[in-house]
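Undergrad: Take this structure first; my questions come after.
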Amino acid sequence: MADNERALEEGIVTDLKDRMTYGSYLDLDRLLGAQHPVSVPQHHDEMLFIIQHQTTELWLKLVLHELGTARDRLAEDDLRSALKHMARVKHIQEVLTQQWSVLATLTPTEYAEFRGDLGNSSGFQSVQYRAVEFALGNKNERMLGVFRDHAENLAMLTAEWERPTLYDEFLRLAARRGLPVPAEILERDVRQPYRMHESLVPVLTAIYENPHEHWDLYEACEELVDVEDNFQFWRFRHLRTVTRTIGRKVGTGGSSGVDFLQRALDLTFFPELYAVRTEIGR
């Protein structure tokens with residue numbers, strides 16, 4: 001073997017005619033041809049901007065896939081399998097949060113040189129991001145109107161709006177286990193944003209104060225908290241990246257920009273799971 005050269009093993013397939021290949025399986029020709037910069041002349045850093053958001057959308061697609069299955073498993077009383085899917089979501093969230101560090105290499109000066117070419121395109125319009133928020137409990141019927149001109153996106157988000165959230169399915173499972181989850185939660189309109197129910201806190205307190213009796217429910221509660229914490233880390237990293245890149249400019253989609261993102265940090269998915277921490281050990 002020549003220095004610093006690895007010989008191909010005899011069994012490696014090199015005649016790929018009429019075979020499924022890595023590229024054909026992943027549809028790489030289409031995937032790698034889906035970056036279409038609009039700046040004229042093309043700005044070097046627009047490719048970073050496009051790929052950052054396209055990869056985010058791919059990961060969001062997988063998050064939705066996993067959250068959908070996790071809810072199915074909870075509805076089937078298969079908590080162990082649901083926890084597996086939730087664990088995968090957590091790892092994806094970590095990747096999504098770390099991705100902001102790549103976009104943060106785009107300086108305000110560089111972004112300003114092509115931001116004006118982006119029109120009104122904005123991450124606010126990400127239907128998959130909204131679907132993830134809906135799946136976790138931050139539902140907002142008015143968001144459906146943003147997608148009224150795209151039938152497929154509207155149908156997908158409407159289905160998510162009408163579907164029980166991850167928390168709904170967990171609490172229903174807990175009720176089937178015999179825990180006294182209030183009827184007002186079990187019978188709530190799942191199209192509405194999930195809001196704090198003080199009456200649920202004692203139920204969760206019982207889980208936390210008797211972990212060996214409710215071990216898998218106890219574990220699930222902490223998994224849910226991890227998911228919310230990770231989502232908030234993502235929101236915060238988004239806020240800080242936007243702040244360092246455009247300051248307090250109005251967003252391309254018409255929002256107030258940083259102030260709008262700041263208010264998202266006030267939203268919560270599983271409020272009682274945080275409230276219960278005040279009660280434990282009292």
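Please treat every number below as a calculation from the coordinates, not as lab data. This one's a predicted model, so the numbers in the text were calculated from it and none came from an experiment. Using ideal geometry, Cβ is built from the backbone for each residue, glycine included, and neighbour counts are taken over all protein chains shown.
Undergrad: If you take the beta carbon distance between Glu184 and Arg30 as r and set R0 to 30 Å, what does 1/(1 + (r/R0)^6) give as a FRET efficiency, to the nearest 0.05?
TA: 0.05
Undergrad: Something else: Using Cα atoms only, what is the angle between the long axis of helix 215-246 and the major principal axis of the chain, expressed in degrees (0 to 90) to the nearest 10?
TA: The answer is roughly 40 degrees.
Undergrad: Still on this model: Estimate the FRET efficiency between Asp72 and Gln262 by the formula 1/(1 + (r/R0)^6), using the beta-carbon distance for r and 30 Å for R0, to the nearest 0.05.
TA: The pair Asp72/Gln262 has a calculated efficiency of 0.30.
Undergrad: Using the beta-carbon distance between Ala151 and Ser122 and R0 = 22 Å, what value does 1/(1 + (r/R0)^6) give for FRET efficiency, to the nearest 0.05?
TA: E(calc), rounded to 0.05, equals 0.60.
Undergrad: Between the stretch 232-256 and the stretch 139-210, what's the alpha-carbon centroid distance in Å?
TA: Centre-to-centre distance over Cα atoms comes out at 28 Å.
Undergrad: Okay, next question. Within 10 Å, count the other beta carbons around each residue, average over each peptide in 214-225, 258-269, and list them highest first.
TA: 214-225, 258-269
Undergrad: Full-extension gain between Val250 and Thr158, please, as 0.36 nm times their residue separation minus the C-alpha to C-alpha distance.
TA: Gain on extension, Val250 to Thr158, equals 30.3 nm.
Undergrad: Still on this structure, I have one more. Kindly express, to the nearest 10 degrees and within the range 0 to 90, the angle between helix 127-136's C-alpha long axis and the longest C-alpha principal axis of the chain.
TA: 20 degrees
Undergrad: Let me ask you something else. Ranking request for peptides 130-136, 146-152, 90-96: highest mean number of other beta-carbon atoms within 10 Å first, then the rest in descending order.
TA: 130-136, 90-96, 146-152
Undergrad: Which shape class, rounded, prolate or oblate, goes with the stretch 48-279 when its Cα gyration tensor gives a ≥ b ≥ c as root eigenvalues, a/c under 1.5 marks rounded, and past that a/b bigger than b/c marks prolate?
TA: prolate
Undergrad: Follow-up question, since we're still on this one. Given N residues in the stretch 118-190, what is its alpha carbon radius of gyration divided by 2.2 N^0.38 Å?
TA: So the stretch 118-190 has a normalised radius of gyration of 1.35.
Undergrad: Round to the nearest 10 and give me the degree value, 0 to 90, for the angle of helix 46-75's Cα axis relative to the longest principal axis of the chain.
TA: Its long axis makes an angle of about 30 degrees.
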